[in-house]
Every structure is written in structure tokens, then in C-alpha cells.
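To keep things clear, I will list the structure first and then write my remarks on it.
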Amino acid sequence: MRLLLQHGVSRQAEQRPGSPAVVYQGAVMSYGELEAASNRLARLLRASDCARGDRVALMVPKSPDAIVAMLGTLKADCVYVPVDTSMPAPRVAKILHRSGARWILATGAAAPLVCTLFSDGTLSQQRIRVGWLGARSEGEPGFAPDFSRDEMSAHSAEARDYENGAEDAAHILFTSGSTGEPKGVVITHSNVLHFLDWALEYFGICASDRNSGHPPLHFDLSTFDVYGTLTAGAQLHLPTPELNLLPHKLAAFIRDSALTQWFSVPSILNYMAKFDVVRDDDFPALKRLLWCGEVFPTPALIYWMKKLRHVTFTNLYGPTEATIASSYHTVATCPEHEDDAIPIGRACGGEELLVLDEALKQVTQGEVGDLYIRGAGLSPGYWQDPEKTAVAFLPNPYSTDAADRIYKTGDLARVNENGLVYYVGRADSQIKSRGYRIELGEIEVALNSVASLVEVAVVAAKTDGFEGTVICCAFVPSPGSGANAVALRKTIGAVLPAYMLPTRWMQMDKLPKNQNGKIDRRRLKESFERGEDQVAIV
Ligand code: AMP
């Protein structure tokens, strides 16, 4: 029986306790070790007054310990909230507040962030307790945790009897929100298990696989890496984040780890192509290369397909709200032209893609419409936010079943004569930059709270760099305020993560307006694309 995400991993631990489960920086954690450590952590959490359904924020950088923390939380019948520990403390505080987290599990590099949250009062005001999972070699964390890693050994390594069921939340993933508040997407055990049922079979993932774990654990793609790999009894190889800046070393990582599956956002693949780090017939063990999260530029795909003729290439598409991926397209032959569009393909098992007009009627073949998703991957909604949930998750107009819902992705799409779906663009101001999902509105909210500005607008401009899209800010300073790009970037850098900070800036006397008197964002975007901005700060 596989009702909960942890069941598949435990079954593998029973069958192959000594086999490698997670490999990181040369250290190997076996299935048996992973199972025992996560069972002990689950028991320690429960013994520490952590109750079923409690949210546990994970501030554990990607490592075997992070996988233990994820599984341990699930095994305590709790819900984990992975937190990007490189974010400024005020945004982390918002996520802790919105998720109603009762616990934080933290290690290593997260210690200074936790110290800040202690000293700014966030943890005491929100009554959040902290479990320190750091190793002894890391020394004292600089704060007094409610428990520490050493206490795990006092608890049994046997699995608990779980109270949760498949429809209970497994994790909450926070994404950028246009109103300035991050949105928490609730993902249930069954959401992920349905995707795994399809993906493990379609890709034929098995115990001999050696899969990459490239995306950060707060990206929903990582859920496939972790549970897809560990449910199959395969090996999960985690690259260190520093490798992202070193394309040669990332290629060496794939080669030396003899990976059989690579899965990431396209920007890193594009980056590797730009630095030409892949040799002819490189990575002989690699069987599958999968990407998801944004458009993979066709010239870079051609580069990869020409280099690796022994590999299968699959485009996966889907928003966090529909769990990992909702559609797929395996590219049968290398595209001939650099401007060939690659379809997002057909729905994965248990999912349905609908391209509808404003009246929620199916558009005709070839016509562009709004893309909706229906199926087993659909999240129950945004955490404790019925209003936002009602706007994005609608009753299925073709069903009389009130529980049958469709999710409005905000993407525009068309369907060709063979029933293949093509992604056309966005209907709103959500963008992807280096794989990060960003609402330009969240950046504008931060800028609008800066007193020294009269007007400000944030737009995204296309580039041919690996980041694909750059964030650009046009602003009008208050007279005599002396506001400038460097100072503004510093100010909003205290509340927004680095990947959301505009890199291109234009100071103006007034912002251009359209006929309705609204800021003419299209004109601004074109100005940036023509390179009319004055300041670039990376
Ligand atoms: P996220 O929630 O971070 O997974 O972002 C979801 C959004 O990323 C989708 O709504 C699309 O706009 C975009 N996206 C995801 N996969 C693809 C893909 N294969 N091709 C183009 N855009 C994609």
C-alpha cells in the first residue's frame, strides 16, 4: 500500500537498506540510514509537542539532512514548508507568518538567519520553536534551540503509525504574490503520488538509476527528484549550489556521477550550452534529460541534442498549483530550425489541458486561449486564502460535480491539428527569470513603499543571455530626494530576494502613459529592449 509519500521510501529501505539513497559531496546516505534518521526525527518532533498537521519550516540547505528533515516531518504527520535560506529575514518572516509555522528545523548556513529571526522578535511573537539539526562539527548555532540533533538518538528508529491520509497536506510551497505577499500552494500526498505513478512508468525509472537533484528544495520540481528517485530505490545525486556558477564543473559532476537522469529548469542547460561545456557523446550513462519551468530556447536544445545522440529529451510543463508537471513532450528528432517551437505536448496521466476563451468555451484549433488544467495534480488551493483560491481554481464548467475543478494557469496556449499544446506566453505580469517564478507586482509593491519615489514601474525585457528575461525598473524620484538606482536596489534588497531585484534601471522625469492614462509598460519594455536604460547593476 502506498498512501503517503514516505511509504514508497520506507518500502525501498526494507528491500535495500544498504544501497545508496542520497549522495552529496562524496558522502553517501543509505536507504537504511535515511529511514532510521527520519523515523527518529519524526518521533522527536512528536515528543516535543509537535502535533498532526503542524507546519514545520525547513531551513536546511540542500543536503542529505534536508531529505531527512522532509521525510521526518511527513512521518510526524506534519506539513513541511521549505524556506529559501538566502532570502532576507523580513520575507522569511512573512512566510512563517502566512504558513502559521509552529516549528523550524534548521542546520548549518541557516544559523545566522534563525539568529536574526530570534533577535527581531519574529519567533517569540509567532511562538515558533526551533529544532537544530546541525552536526557537532558546525559548533553552537548562536541561539538556544528547543532540541538539537543529538536528541534524535534517544528515539526509536522504528516507523510510527501514521494518522495522515493521502488527501492531507504534505508540504506548502510559497511562490511570489502580485500583491506583495508570497502565496502558499498546498500540495497533498496524493497530488505528488499521482504524478509519480505516471512519471515512474513513463520514464521507466528504476533502482539502477542515478538521478540529479538540481532544483532547490523550495521549487516544486525538486519533489519529483526526491520522491521519484527514492520511491524507485534509485540514487539521488545533489550538486552543490556553487556548481551553478561553474558550467564546466557542473558538466564534470554529471560525468563523474555517471548520472542517468538530469532534470532542471532550462536556464542552466542554456548556460552550459553558451559555455560549450558538453563534449560530443558526453555523459555516456545519461538516458534522459528533462526540463520544466520555462521555455527551453530551441538553439540550446539543438546544441544538446546534437551533442548527446544517445539521450531522450523531454519538455515537461506545469505550474506548482498542479504539482510538478501536467504535460509532456518527448522531442523525437532534433529541431531543424532555431525558431522551431517545441510543444508542451499532451497531458500527463490523470491530467487534462483545456484551452478556453473568456466564456470558458473551447477555442478552435490553432486559436490562442487561456490554458486551464484539470486533474489529480490540482492543489486544494492557497493556504488559508479562500479568496485567491476561488479566483484561480474554478468549478469545471463541463461538470455537474461540485468537486470537479479547473485551475487557471495564467498561460496562453494553442492546440495544433495533432492535439499538441503549444505555450504562447503569459496573460499577466508573472515572469520566469533563471527559473524563478516572479510576480512583477511583488517588486512594485516593495518599490512603492520607498518614500523618495513619485512613480515607479517594473517590466521584464527579453535578452539573449542565459537568464532569458531581465527585470527592469523605470522610476521618477521625488524632487530633491537624490534617489538613484544603486540606493533603491539596496533598499528593496532588504525585503526581496536577490533574484527579484531589477538589474536594469532608468531614471525618468515622468513615466510614459497610454491613452487611458495608465503607465505604458509596453513602451517601457521596448525602451529597455533597445538598451535605452542608463544603469545596469548585477
Ligand atoms: P512554477 O509554478 O514555478 O512551476 O511556474 C509555472 C509557470 O512556469 C507556468 O505557468 C508557465 O508559465 C511556466 N512554465 C512551466 N513549464 C514550462 C514549459 N515547459 N515551457 C514554458 N513555460 C513553462
Handout entry: Residues located in the stretch 367-418, provided they are in contact with a Leu (Cβ under 9 Å, 6 or more places away or on another chain) and modelled with pLDDT under 95
Key = 397, 398
Practice task
Identify the residue in the stretch 455-466 that is out of contact with any Lys or Arg (no Cβ under 8 Å at 6 or more places or on another chain) and of a type in the set (A, V, I, L, M) and, among all such residues, is surrounded by the most Cβ atoms within 10 Å (Cβ to Cβ).
Solution key: 458
Practice task
Could you please find all residues in the stretch 494-523 being under 26 Å from residue 427 (Cβ atoms), of a type outside the set (Phe, Trp, Tyr), within 29 Å of the chain's Cα centre (by Cα) and open to solvent by less than 70 Å² (accessible area, probe 1.4 Å)?
Solution key: 496, 497, 500, 501, 502, 503, 504
Practice task
Starting from the stretch 182-207, keep only residues that are within 28 Å of residue 408 (Cβ to Cβ), then list their pairs with residues that are among the β-branched types (Val, Ile, Thr) and in a strand (DSSP E or B) whose Cβ atoms are within a distance under 6 Å, requiring at least 6 positions of separation or different chains.
Solution key: 183/175; 184/172; 186/172
Practice task
Quick one: which residue in 405, 414 is farther than 19 Å from residue 191 by Cβ, of a type in the set (Lys, Arg) and free of Cβ contacts under 8 Å to residues at least 60 places away in the same chain?
Solution key: 414
Problem - Boolean, residue 197 is within 22 Å of residue 324 (Cα to Cα) and not polar (S, T, N, Q) - result: yes
Completion exercise
If we ask which residues in the stretch 1-39 are open to solvent by 70 Å² or more (accessible area, probe 1.4 Å) and touching a Phe, Trp or Tyr at 6+ places or on another chain (Cβ under 6 Å), their number turns out to be 0
Practice task
Pick out, from the stretch 310-424, the strands (runs of 3 or more DSSP E) lying fully within it that include 1 or more residues that are within 13 Å of the ligand (Cβ to nearest atom).
Solution key: 312-317, 327-330, 351-356, 369-375, 405-415
Handout entry: Subset of the stretch 432-448 that is assigned to a strand (DSSP E or B) and open to solvent by 20 Å² or more (accessible area, probe 1.4 Å) - its residue that is farthest from the ligand (Cβ to nearest atom)
Key = 436
Handout entry: Qualifying residue in the stretch 467-480 (condition: outside any strand (DSSP E or B), of a type in the set (Asp, Glu) and surrounded by fewer than 17 Cβ atoms within 10 Å (Cβ to Cβ))
Key = no
Exercise for the section: Say whether the condition of being of a type in the set (Asp, Glu), more than 16 Å from the ligand (Cβ to nearest atom) and on the phi > 0 side of the Ramachandran plot is met by at least one residue in the stretch 237-260. Expected result: no
Fill in the blank from the handout: Requiring at least 3 residues that are open to solvent by 30 Å² or more (accessible area, probe 1.4 Å), the helices (runs of 4 or more DSSP H) wholly within the stretch 40-130 are 89-99, 111-119
Fill in the blank from the handout: The correct count of residues that are assigned to a helix (DSSP H, G or I) and of a type in the set (Asp, Glu) in the stretch 491-532 is 2
Completion exercise
Flagged in the stretch 316-345 as closer than 17 Å to residue 416 by Cα, surrounded by 18 or more Cβ atoms within 10 Å (Cβ to Cβ) and of a type outside the set (A, V, I, L, M), in numbering order, are 317, 327, 328, 329, 343, 345
Problem - Identity of the residue in the stretch 268-287, within 15 Å of the ligand (Cβ to nearest atom) and open to solvent by 10 Å² or more (accessible area, probe 1.4 Å), that ends up farthest from the chain's Cα centre (by Cα) - result: 270
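The values are calculated or read from the model by the stated rules, or taken from the named source; none is laboratory data. Remember, it's a predicted structure, so these values are computed and weren't measured experimentally. Cβ atoms come from the backbone with ideal geometry, glycine included; neighbour counts cover every protein chain shown. To get the accessible areas, we keep the full protein, side chains included, count just its heavy atoms, and leave off ligands, DNA and RNA. Shrake-Rupley method; radii C 1.70, N 1.55, O 1.52, S 1.80 Å.
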